[in-house]
Amino acid sequence: MTIYGRAHVAYDAQYSVTGSVLGAAGDVKSRRRVADDGSRIGLRISEDLGGGLRAFSVIETGVNLDTATAN
């Protein structure tokens with residue numbers, strides 16, 4: 001069995017939004033942001049059954065590292 005994964009996280013040091021439909025009250029002046037972009041974790045299982053036969057399985061799920069939830 002092989003456990004594998006990929007952490008793909010972005011960090012924006014200065015993130016701002018202007019032009020809100022709420023006017024200046026809805027603008028975000030300066031924020032920091034952590035965003036997940038396709039992180040995942042999985043298992044690869046390979047078993048020799050003998051006689052030239054082999055069983056193989058892959059189980060994979062997405063993981064949101066920014067919100068700590070699964071996809």
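Across the range 1-39, the number of residues qualifying as at pLDDT below 90, not β-branched (V, I, T) and not in a strand (DSSP E or B) comes to 13.
If you filter the range 55-68 down to residues that are of a type in the set (G, A, S) and at pLDDT below 95, you find that the one that is surrounded by the most Cβ atoms within 10 Å (Cβ to Cβ) is G62.
Residue under question is G42, and the condition is that it be open to solvent by less than 50 Å² (accessible area, probe 1.4 Å), modelled with pLDDT of 75 or more and part of a loop (DSSP other than H, G, I, E, B); does it hold?
Details: open to solvent by less than 50 Å² (accessible area, probe 1.4 Å): yes; modelled with pLDDT of 75 or more: yes; part of a loop (DSSP other than H, G, I, E, B): no.
The answer is no for G42.
Does the range 46-54 contain at least one residue that is open to solvent by less than 100 Å² (accessible area, probe 1.4 Å) and assigned to a strand (DSSP E or B)? Walk me through how you get there before you give the answer.
Within the range 46-54, the first condition is being open to solvent by less than 100 Å² (accessible area, probe 1.4 Å), and the residues that meet it are 46, 50-52.
Going one step further and asking which of them are assigned to a strand (DSSP E or B), we end up with 46, 50.
Yes: the range 46-54 contains one or more residues that are open to solvent by less than 100 Å² (accessible area, probe 1.4 Å) and assigned to a strand (DSSP E or B).
Among the residues of the range 16-36 satisfying the criterion of being surrounded by 11 or more Cβ atoms within 10 Å (Cβ to Cβ) and under 19 Å from L65 (Cα atoms), which is farthest from the chain's Cα centre (by Cα)? Per the criteria, the residue is R31.
The values are calculated or read from the model by the stated rules, or taken from the named source; none is laboratory data. Only a predicted model underlies this, so the values are computations on that prediction, with no experimental measurement involved. So basically every Cβ, Gly included, is an ideal-geometry build from the backbone, and we count neighbours across all protein chains shown. In case anyone asks, the SASA skips ligands and DNA or RNA and just uses the protein heavy atoms, side chains included. Shrake-Rupley method; radii C 1.70, N 1.55, O 1.52, S 1.80 Å.
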